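The values are calculated or read from the model by the stated rules, or taken from the named source; none is laboratory data. Keep in mind that what you see is a predicted model, and the values were worked out from it rather than measured. Note: areas computed on protein heavy atoms with side chains; ligands, DNA, RNA excluded. Shrake-Rupley method; radii C 1.70, N 1.55, O 1.52, S 1.80 Å.
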Amino acid sequence: MKCRNCGIEIADKALICYRCGTATTEAKFKPAAPKRRSSFLLVGSILAIAILLIVALYLLGVLSGLGPLI
């Protein structure tokens, strides 16, 4: 049989071409799609903003002499 990529003669039972590495048949299974982590990043961003807001309110109250605002 001939390699469909480079055209070299390879064994009939070969799984890949020894010259270029191209598979001789199509894959039976597709790899699983990678999981997205966008929800984790969103929660982390919201948490970081909330912490910064709390710190800013605290510092604003302390520096203005009113005491902590929270």
Problem - Full-extension gain in nm, THR25 to ALA48, via 0.36 nm per residue minus C-alpha separation - result: 3.3 nm
Problem - Proximal lysines relative to LYS13, as straight alpha-carbon distance under 29 Å, when same-chain residues fewer than 8 apart are discounted - result: LYS2, LYS28, LYS30
Exercise for the section: Give the long-range amide H neighbours of ILE10: residues separated by 5 or more places, or on another chain, with amide H under 5 Å away, using H modelled in the peptide plane at 1.01 Å from N. Expected result: LYS2, CYS3
Handout entry: Given (1) 8.8; (2) 5.2; (3) 5.6, the label whose value is mean projected area of the Cα convex hull in nm² derived from this model
Key = (1)
Exercise for the section: Determine ³J(HN,Hα), in whole Hz, for all residues of region 8-24 in sequence, where each value follows from phi through the Karplus function 6.51 cos²θ - 1.76 cosθ + 1.60 and θ = phi - 60°; x replaces Gly and Pro. Expected result: 6, 6, 10, 5, 5, 9, 5, 8, 9, 6, 6, 8, 10, x, 6, 5, 8
Completion exercise
Rounded to the nearest 10 Å², the accessible area of LYS2 using a 1.4 Å probe with every protein chain kept is 140
